[in-house]
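Trainee: I have a structure here, written as structure tokens, and I will follow up with some questions on it.
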Amino acid sequence: MTVAGPGPHVLLTPNLAGLLPQLRERYPTCRFTAVADDEPAREEYLDAEVILRSAMNEDLFDVLLSKCQGLRWVQITAAGFDWVGGDTWHRRLDEGLIYTRSPNSYNVPIAEYVVGAVLLHARAFPEYAAAQRDREWIRVVARDVIGSTMLVFGTGAIGREVAWRAQALGVTVIGVNRAGTPAEGFERVEPFAGHLALLPEADSVVLAMPLTTENRHFFDTDRFAAMKESAVLVNVGRGALIAEDALVDAMHAGRIGGAVLDVFEQEPLPPESRLWDLPRTTLTPHTSFRGDGNLQRLYADFCANFDRYLAGAELLGTKRQPELGY
């Protein structure tokens, strides 16, 4: 797309600097600048109209929000909105700043992570890894994934990517969302209000939903009690979806078959956390979204919105339920 006249100035966080050549070629009349994250805000940043934000020093971001008086739009390279805040941020939103997320950039690696996590436990890789460390020759009867049932909390873009991959393995995939709204790729979708009755059906339970005022710590003792003893829980949503004490008790009691956790209420997970030593549990450091195709997916997500911005059209990836925070 070619913009008539000088286009807007767009700031990018340093880890997105690899996009500069493509952006400058595609939008030759616009300015694109990667900010220096380890120094005060430069004067040249202050006429910015757009920020594409990934990792950025919070103090620097706050300064840019305060001093970039012409700032109209911030797009974050994340699927969720809950990690951005602050007084200046909320003031600028009240003044009309547009705030969007990257809705598709991380769906593929997260979905692949989920399927890998389910296969990891079904095929008993944690047990074999432990046996290898102890130089033991063991035989474990693995569980078939084909013919199993997966319950996915969250039927958005990530949930849908999980669903079709799991179906390709012969899994029956049931979705859960707030109203039971049908979604592509799921055998059926049920409302959140009835989810407790669904847990006994599931061989794997996937949390891929945003954190809202309604679901904080919803996965508690009652949910673990309702699950199959052989079921595996995979959390790629937010750590605070799970009541940590209930998880610790469930795993030590052998209440469920396994857990794979990529997100935690406190990150980085402190060394003293009881989660580190849980049996049948795999922890990863909030890395499910990382993939070598991410930069190009972020580019595609941003360009789709930047084209709309330049055309004066409504942007994609705004909050669907502002009162709930997503």
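Trainee: Taking the mean number of other Cβ atoms within 10 Å as a proxy for protection, how do you rank 312-319, 123-130, 67-74 from highest to lowest? Before the final figure, lay out the partial values.
Mentor: Numbers: 312-319: 12.8, 123-130: 15.0, 67-74: 16.8.
Ranking, from highest mean packing down: 67-74, 123-130, 312-319.
Trainee: Follow-up. From the phi angles alone, apply the Karplus equation (6.51, -1.76, 1.60; θ = phi - 60°) to the stretch 36-46 and give each ³J(HN,Hα) in whole Hz, x where the residue is Gly or Pro.
Mentor: Ordered by residue, 3J(HN,Hα) equals 8, 7, 10, 8, x, 4, 7, 4, 5, 7, 6 Hz.
Trainee: Another one. As an exercise, take the mean of 1/r over every pair of distinct alpha carbons in the chain, invert it, and state the Kirkwood radius in angstroms.
Mentor: Working: mean 1/r = 0.0465 Å⁻¹.
About 21.5 Å for the chain.
Trainee: Now for a separate question. With bins 10 Å wide starting at 0, give me the P(r) of the stretch 25-133 over every alpha carbon pair, in whole percents.
Mentor: 11, 33, 24, 14, 12, 6, 0
Trainee: Then there is this: Tell me, what HN-Hα J-couplings in whole Hz come from the Karplus equation 6.51 cos²θ - 1.76 cosθ + 1.60 at θ = phi - 60° for each residue of the stretch 212-220, using x for Gly and Pro?
Mentor: Coupling constants for the stretch 212-220: 10, 5, 8, 10, 4, 6, 5, 7, 10 Hz.
Trainee: By average Cβ neighbour count within 10 Å, what is the ranking of 138-151, 192-205 from highest down?
Mentor: Values: 138-151: 14.8, 192-205: 17.9.
Most protected by this proxy first, the peptides run 192-205, 138-151.
Trainee: Can you tell me the order of 157-163, 293-299 when each peptide is scored by its average per-residue count of other Cβ atoms within 10 angstrom, highest first?
Mentor: On the way: 157-163: 25.1, 293-299: 16.7.
Ranked by mean Cβ neighbours within 10 Å, highest first: 157-163, 293-299.
Trainee: Using a/c under 1.5 as the rounded threshold, could you call the stretch 150-296 rounded, prolate or oblate? The axes a ≥ b ≥ c are square roots of the C-alpha gyration tensor eigenvalues, and prolate needs a/b larger than b/c, oblate otherwise.
Mentor: In terms of gyration-tensor shape, oblate.
Trainee: Could you work out how far the C-alpha centroid of the stretch 30-54 sits from that of the stretch 250-278, in angstrom?
Mentor: Here the answer is 39 Å between Cα centres.
Trainee: Quick one: give the max-minus-min coordinate of the C-alpha atoms of the stretch 58-198 along each principal axis, largest first, in Å.
Mentor: Result, largest extent first: 65, 42, 25 Å.
Trainee: Also, quick follow-up: For the chain, what % of the accessible area comes from carbon and sulfur atoms, probe 1.4 Å?
Mentor: Values: 7990 of 15680 Å².
Carbon and sulfur atoms account for 51 percent of the accessible area of the chain.
Trainee: Using helices alone, what [θ] at 222 nm do you get for the chain, with -39,500 (n - 2.57) per DSSP H run of 4 or more residues, divided over all residues and rounded to the nearest 500?
Mentor: Dividing the helical sum by the residues of the chain leaves -8500 deg cm²/dmol.
The values are calculated or read from the model by the stated rules, or taken from the named source; none is laboratory data. Since this is a predicted model, take the numbers as computed values, not measurements. Ideal geometry is used to build each Cβ from the backbone, glycine not excepted, and the neighbour counts take in all protein chains shown. Areas reflect the complete protein model, heavy atoms only, side chains present, ligands, DNA and RNA absent. Shrake-Rupley method; radii C 1.70, N 1.55, O 1.52, S 1.80 Å.
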